[in-house]
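The values are calculated or read from the model by the stated rules, or taken from the named source; none is laboratory data. These numbers were taken from a predicted model, which means no experiment stands behind them. Neighbour counts run over all protein chains shown; Cβ positions are idealised from the backbone, glycine included. Side chains are part of the model used for accessible areas, which takes the heavy atoms of the whole protein and leaves out ligands, DNA and RNA. Shrake-Rupley method; radii C 1.70, N 1.55, O 1.52, S 1.80 Å.
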Amino acid sequence: MNDTQIMPISGDLLSHSLFFPFLFLILLLVVVSIVYSTWCNGISPMPTSPKAKETLLSGLPPGVSGRVYELGSGWGTLVFPLAKQYPFSQVIGYETSPLPYLVSRIWQMALHLPNVTIKRVDFYTMKLNDASLIMCYLYPEAMVNLRDKFQEELKPGTWVISNTFAIPEWTPETILEVDDLYHTKIYLYKVKLNNNTASTNTDNTI
Ligand SMILES: C[S@@+](CC[C@H](N)C(=O)[O-])C[C@H]1O[C@@H](n2cnc3c(N)ncnc32)[C@H](O)[C@@H]1O
């Protein structure tokens, strides 16, 4: 007679033994997703710092009434405060990185701001000719590419605000300096007639 007993595995034991591998798998997926989209986009989804956000929001141009675009809206750090600051404008965030996009959409549902739209698209593929204000926190090469896009698409009077990275060859109206370790600069540009060549593109459907 074989008296070896097979002990039944309790649900508790199973769920405890699966908890850490499951957590590890989730963290791994988060890290892989962020590293992969950083590699694809050339920039991590690093949010604007609280001090830069405060400086930026206090220095926003008044009287903006048309569409506001955030190019690379990340986790939603700026898109929601912008929507509050400009309640009569439609504020549109474009973001390709899946995880920040997902988190910002969850925030959007929680905050119920009717004037916010966030889309998972590459901003280079979207027309910006109806913008009144454009916000970005990107990287030097993107500012070169965007300068050409801005010159083709933006109408005179459009504001372009860039955290940290200046637009080469453009002269800012104002430079805000953040009271942080790096004295981060925020550049505010207003498109002039002579650095804008066309604006007869089709509308973006939101
Ligand atoms: C430094 S983060 C800034 C996030 C946010 N704007 C903020 O200030 O908190 C730059 C974001 O731009 C996104 N991004 C970069 N290139 C993009 C592109 N071509 N289309 C859409 N999003 C892009 C990145 O995924 C990243 O989330």
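When Lys127 is evaluated against the numbered criteria (1) in contact (Cβ under 8 Å) with a residue 60 or more places away in the chain; (2) more than 13 Å from the chain's Cα centre (by Cα); (3) open to solvent by less than 30 Å² (accessible area, probe 1.4 Å), which criterion, by number, is the only one it fails?
Unmet condition: (3).
If the requirement is being open to solvent by less than 20 Å² (accessible area, probe 1.4 Å), in contact (Cβ under 8 Å) with a residue 12 or more places away in the chain, more than 19 Å from Arg120 (Cα to Cα) and not in a helix (DSSP H, G or I), which of these qualifies: Ser89, Ser65?
The match here is Ser89.
Looking at the stretch 111-120, is at least one residue part of a loop (DSSP other than H, G, I, E, B), within 17 Å of the chain's Cα centre (by Cα) and more than 9 Å from the ligand (Cβ to nearest atom)?
Yes: the stretch 111-120 contains one or more residues that are part of a loop (DSSP other than H, G, I, E, B), within 17 Å of the chain's Cα centre (by Cα) and more than 9 Å from the ligand (Cβ to nearest atom).
State which residue is farthest from Thr48 (Cα to Cα) when the search covers only the stretch 82-100 and only residues that are out of contact with any strand residue (DSSP E or B) (no Cβ under 7 Å at 6 or more places or on another chain) and not hydrophobic (A, V, I, L, M, F, W, C).
Per the stated criteria, the residue is Pro87.
How about the stretch 30-62: which of its residues are basic (Lys, Arg) and either without any contact (Cβ under 8 Å) to a residue 12 or more places away in the chain or open to solvent by 90 Å² or more (accessible area, probe 1.4 Å) (or both)?
Lys51
Test Ser44 against the criterion of being outside any loop (DSSP other than H, G, I, E, B), within 7 Å of the ligand (Cβ to nearest atom) and modelled with pLDDT under 90, and give yes or no.
Judged against the criteria, Ser44 is not a match.
Within the stretch 96-110, work out how many residues are among the charged types (D, E, K, R) and either in contact with a Gly (Cβ under 6 Å, 6 or more places away or on another chain) or on the phi > 0 side of the Ramachandran plot (or both).
Matching residues across the stretch 96-110 total 0.
Quick one: which of Leu193, Leu176, Leu181, Leu102 is among the aliphatic types (A, V, I, L, M), modelled with pLDDT under 95 and open to solvent by 30 Å² or more (accessible area, probe 1.4 Å)?
Exactly one of Leu193, Leu176, Leu181, Leu102 is among the aliphatic types (A, V, I, L, M), modelled with pLDDT under 95 and open to solvent by 30 Å² or more (accessible area, probe 1.4 Å), namely Leu193.
Counting just the residues of the stretch 68-86 that are closer than 18 Å to Leu176 by Cβ and β-branched (Val, Ile, Thr), which one comes out surrounded by the most Cβ atoms within 10 Å (Cβ to Cβ)?
Val68
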